[in-house]
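The values are calculated or read from the model by the stated rules, or taken from the named source; none is laboratory data. On a predicted model such as this, the values are computed, not experimentally measured, just so you know. No Cβ is skipped: glycine too gets one built from the backbone with ideal geometry, and neighbour counts run over all protein chains shown. To get the accessible areas, we keep the full protein, side chains included, count just its heavy atoms, and leave off ligands, DNA and RNA. Shrake-Rupley method; radii C 1.70, N 1.55, O 1.52, S 1.80 Å.
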Amino acid sequence: WTRGANEFAVRVEADDLPGLLKRGIKVEPGTNAMLIYQGANRGLIPPGEHTLGTLGQRVRDWFTGDIPERATILLVEIVPTDLEFHLGGRYTKDEMPIGISVCLQAVVNEAGKFLLNLLKGRERFSQDDLRLYLYPEVTQVVDAWLRQHTLQELTEDLNLRPRLELALEERLRTTFAQSGLQFVQVRAAELNLEPYDHLKGVRSKYNLKITETRANAAGEL
């Protein structure tokens, strides 16, 4: 049972779970296998090689009796997944162009909700799929926050960025809960002043050109 490098979660349908466990399964390093039956997460199979002999009683305890013939396995990463959002073309309160990068961490918390509301009929759900799902809300929070502060405030007040992280957490927790995800934290929020620096450079050249024109005109007089 494996995931690709960019895959957030992968669904595996086991049509003969007892037989599969008798033959033996191997969960790749760095991956947990969540065993789902009747819409609920029954247990977690860690990385490594497993058989009915090593897992049998534990699996029976998960189902309070016989192991069912059919079950769904959701393969997820052991550690929280980093989701990076690089947002350009944003504006501050004083209409200064700016960019901002935000890194969120997320894990699957309720596998049943995740299967029903996000994965749906698909077999695989990539990190890009999750970024695309969260992008509108992340953008709304960031835009609203930037519009409350001037460029000078953003660059000089070090207490502002934790407030952005808190605003993102408060806004996204409901979305995460509805999707069977757990919001871990905002790992980083970094400003990108390149758009402002570029605009400032253009303005400087423009001002310099005006000054030279005025000087030439004064010389002619």
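If you build the Cα gyration tensor of the range 34-114 and take the root of 5 times each eigenvalue, what three semi-axes come out, in whole angstrom, biggest first?
Details: eigenvalues 385, 35, 12 Å².
Equivalent ellipsoid semi-axes, largest first: 44, 13, 8 Å.
Using a Gaussian network model of the chain whose springs link C-alpha atoms within less than 10 Å, name the residue from Leu115, Leu83, Leu154 with the highest mean-square fluctuation.
Evaluated over the chain, the most mobile residue of the options is Leu154.
Rank these residues by their accessible area, most exposed first, probe 1.4 Å: His86, His149.
Numbers: His86 130, His149 25 Å².
The residues order as His86, His149, largest area first.
What does the C-alpha gyration tensor say about the overall shape of the range 83-164? Classify as rounded when a/c is under 1.5, otherwise prolate if a/b is larger than b/c, or oblate.
Working: a/c = 3.34, a/b = 2.57, b/c = 1.30.
Cα axes put the range 83-164 in the prolate bin.
Farthest toward the dipole's positive end in the range 64-106, which of Gly89, Thr64, Ala106, given Cβ charges of +1 (Lys, Arg) and -1 (Asp, Glu) about the Cα centre?
Of the candidates, Gly89 comes out farthest on the positive side.
Relative contact order of the range 1-106: what whole-number percent is it, with Cα pairs under 8 angstrom and at least 6 residues apart? If you can, show how the numbers build up before the last one.
Values: 184 pairs, mean separation 31.5, N = 106.
That works out to 30 percent.
From the phi angles alone, apply the Karplus equation (6.51, -1.76, 1.60; θ = phi - 60°) to the range 58-63 and give each ³J(HN,Hα) in whole Hz, x where the residue is Gly or Pro.
The phi angles translate into 4, 5, 4, 5, 4, 9 Hz.
With viscosity set to 1.567 mPa s at 4 °C, what whole-number translational diffusion coefficient in µm²/s follows for the range 1-159 from Stokes-Einstein and a Kirkwood radius over Cα pairs?
Values: Rh = 18.2 Å.
Reported coefficient: 71 µm²/s.
For the chain, what does the relative contact order come out to in percent, with C-alpha contacts under 8 Å and a separation of six or more? Intermediate results must be reported in sequence, preceding the final value.
Values: 354 pairs, mean separation 49.8, N = 221.
Result for the chain is 23 percent.
Just to be sure I follow the definition: excluding the sites themselves, where is the longest run in the chain that has none of the GluC sites (Glu not before Pro) in a DSSP loop with at most 16 other Cβ atoms within 10 Å?
Details: sites that count: Glu69, Glu95, Glu123.
Here the longest run is 124-221.
To the nearest 20 debye, what charge dipole does the chain have about its Cα centre, counting +1 at the Cβ of each Lys and Arg and -1 at the Cβ of each Asp and Glu? Mind showing how you got there, number by number?
Numbers: 27 positive and 31 negative charges, 56 e Å.
The dipole magnitude comes to about 260 debye.
Just to check, using Stokes-Einstein with a Kirkwood Rh over alpha carbon pairs, what's the diffusion coefficient of the range 72-131 at 25 °C and 0.890 mPa s in µm²/s?
Values: Rh = 14.0 Å.
So the translational diffusion coefficient is about 176 µm²/s.
Probe of 1.4 angstrom, ligands and nucleic acids ignored: what's the accessible area per residue over the range 8-78, in square angstrom? Before the final figure, lay out each step's value.
Values: 3510 Å² over 71 residues.
Heavy-atom accessible area per residue stands at 49 Å².
List the residues, sorted by chain then number, that are 5 or more residues from Asn41 or on another chain and whose placed amide H is less than 5 Å from its amide H.
Counting only residues 5 or more places away or on other chains, the set is Ala111, Gly112.
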